[in-house]
Amino acid sequence: MKKFSVHPEICECATIKEFVESFQLNEDDLMLINKFTYHDFMQDLALPCQCIFYEDYTQGEPSDAVVTHMLQDIKDKKMKRVIGIGGGSVLDTAKLLCIKDAVSADDIYEDKIPFIRDKGLILIPTTCGTGCEMTCVSVIDRPKHNAKMGKRIECNFADHAVEIPELLSKIPHSVFAFSAIDALVHSMEIYVNPLSGTYNKVFCVEAIRLLIKNFKFVAENGPESKFDVMDEFLLASSYAGIALSNDICGAVHACAMQFGGQHHVSHGEANYRFLVPVFSVYADLNPKGREINALAGIIQRQMGIETDLAGTFVALDEMLNKITPRKKLREYGVDGERLMDYVTKVYATQQRLLIANYVKMTEKEFVEIYRRAY
Ligand SMILES: [Fe+2]
């Protein structure tokens, strides 16, 4: 049975001040936030809530050790709500702080305790791509598995996802580019996922349409022009996040999670490296496929081009290269003689995602994906 639902109540606030007043922040709230976001947007507001800063635990993406450290630090705090404000790392971590009696990452990722959320949860994105505010999944780095791993925890859908465009008004270009490309990957992968529901495809189509349209705008008008259309990038990210909360991504995310974990590459950046290689292999394996041709049609219309299926993904690659330069896996230190080792690890750690591939693929086809990305 296929199902579709939107879990968090979605709220739109023009400014962070409007959010603080509307949600009546108080001393029973614990906010997890980046220092730079706090200093840029909240320093003058005299927030009445408790705050912990993500950078006090790590400069990178969350890991087992980071989550455990944070859980230990907050276990004696009196709090009724957790408010996560940030990119995917902060939002995914904030979800994990809400689980009753969790004191370590292993408690959660090795199913050592029942999952009960005993605090309210509000998630506010400061990037335009991860869609983490809409989902109940938390991805963390698990060094003992040499990979990033995601876990779906049904009680961890936020009560409220709050969209505040003001928080994206100073986003660095690389953060914008990689997070927006992540949103494009979500919507493209879920659109062609054979297990995806019909209702979900509506959100994928609109996300793809908005993202391609606005990537084209930024590619033609320069990096600063993104601020003119940031509201549409944020909206597209939310649509893709709604899709992600209902269905899973496939081979792009599977490859990226393993590669990103092994080479310490951020989630969006890793996804970008595999997006076109995966879809070009899909196009080769199933050139008459209904969904992939419909997807190519959407991309062609928004880009204003006429080409064939393979040409569509070449054109997409060239446009994204103008947003942020493409980079090959070899530039990250991947050994071209050992691509099968990566594929073996993808199969060992990412089975959760591999069921959602558009075309059934063997390890040989995954090696071809790595070869094209290499
Ligand atoms: Fe993603």
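The values are calculated or read from the model by the stated rules, or taken from the named source; none is laboratory data. Just so it is clear, the structure is predicted and the values come from calculations on it, not from any experiment. Every residue, glycine as well, gets a Cβ built from its backbone with ideal geometry; the counts of neighbours run over all protein chains shown. Accessible surface areas use protein heavy atoms only, side chains included; no ligands, DNA or RNA. Shrake-Rupley method; radii C 1.70, N 1.55, O 1.52, S 1.80 Å.
Modelled label positions at E220 and C155, each set 7 Å beyond Cα in the direction of Cβ, lie 5.1 nm from each other.
Expected output is a single nm value to one decimal: the length gained when fully extending between K360 and K35, i.e. 0.36 nm times separation in residues minus the C-alpha distance. What is it? Provide the component values of the computation, followed by the final result.
On the way: separation 325, 0.36 × 325 = 117.00 nm, distance 4.39 nm.
Extra length from K360 to K35 when fully extended: 112.6 nm.
Residue pairs exceeding 24 angstrom between C-alpha atoms, taken from K35/K80; K119/K151; K322/K364; K35/K95; K201/K328: K322/K364; K201/K328. The phi torsions of region 202-214, fed into the Karplus equation with coefficients 6.51, -1.76 and 1.60 and a -60° offset, translate into couplings of 4, 5, 4, 4, 5, 5, 4, 4, 5, 5, 5, 4, 7 Hz, rounded to whole numbers, with Gly and Pro shown as x.
Annotation for region 22-63 versus region 188-213: alpha-carbon center distance of 33 Å. The phi-based Karplus calculation (6.51 cos²θ - 1.76 cosθ + 1.60; θ = phi - 60°) puts the 3J(HN,Hα) values of region 96-105 at 6, 6, 9, 7, 4, 6, 6, 10, 8, 4 Hz, whole numbers, x for Gly and Pro. Other residues within the sphere of radius under 9 Å centred on the Cβ of Y374, judged by their own Cβ, net out at +4 (K and R +1, D and E -1). Taking amide H positions as modeled 1.01 Å from N, with prolines and chain starts lacking one, the residues under 5 Å from L32 and 5 or more places away or on another chain are I52, I83, G84, I85.
Can you work out the FRET efficiency for the pair C51 and Q24, with r the C-beta to C-beta distance and R0 = 22 Å, to the nearest 0.05? Calculated transfer efficiency: 0.85. Suppose we look only past 29 Å in the calculated P(r) of region 173-373. What percent of the Cα-Cα pairs does that tail hold? Considering region 173-373, 17 percent of its Cα-Cα pairs are separated by more than 29 Å. Counting only aspartates and glutamates at least 8 places from K360 when in the same chain, those with an alpha carbon closer than 19 Å to its own are E189, D247, D284, E291, E368. Kirkwood-based Rg over Rh for region 9-168 (C-alpha set), two decimals? Using only Cα positions, Rg/Rh for region 9-168 is 0.94.
Restricting to DSSP H runs of at least four residues, report the calculated mean residue ellipticity at 222 nm for the chain, -39500 (n - 2.57) per run over all residues, nearest 500 deg cm²/dmol. -15500 deg cm²/dmol, from helical runs alone.
Return the percentage of antiparallel bridges among DSSP beta bridges fully within the chain, rounded to the nearest 5 %.
Working: 7 of 29 bridges.
Bridges in the chain that DSSP calls antiparallel: roughly 25 percent.
Sequentially through region 134-144, phi angles give Karplus couplings (6.51, -1.76, 1.60; θ = phi - 60°) of 9, 10, 10, 9, 10, 9, 9, 7, 10, x, 5 Hz, Gly and Pro residues having no value and appearing as x.
Note on surface exposure: H186, H69 rank H69, H186 by accessible area, highest first, 1.4 Å probe. Gain on full extension, evaluated as 0.36 nm per residue between I10 and H69 minus their Cα-Cα distance, stands at 18.2 nm. Counting only alpha carbon atoms, the long axis of helix 339-349 and the longest principal axis of the chain meet at about 40°. Computed over Cα pairs, the Kirkwood radius of the chain leads via Stokes-Einstein (1.567 mPa s, 4 °C) to a diffusion coefficient of 62 µm² per second. Averaged per residue, region 9-168 has 40 square angstrom of accessible surface, using a 1.4 angstrom probe with ligands and nucleic acids left out. Proximity of backbone amide H atoms, modeled 1.01 Å from N, is registered between E12 and E163 at under 5 Å, excluding neighbours fewer than 5 places apart on the same chain.
Got a number for carbon plus sulfur as a percent of region 126-252's accessible area, 1.4 Å probe?
Working: 2290 of 3890 Å².
Carbon-and-sulfur percentage of accessible area, whole number: 59.
For D228 and K77, the difference between the fully extended length at 0.36 nm per residue and the C-alpha to C-alpha distance is 50.2 nm. Could you pull out every one of the aspartates and glutamates with an alpha carbon less than 15 Å from that of K213, ignoring same-chain neighbours closer than 8 positions? List returned: D228, D231, E232, D317, E318. Farthest towards the positive end of the charge dipole of region 173-373, among the residues P223, F366, I292, is the Cα of F366, using unit charges on the Cβ of Lys, Arg, Asp and Glu.
For region 276-374, the convex hull spanned by the alpha carbon atoms encloses 110 Å³ per residue.
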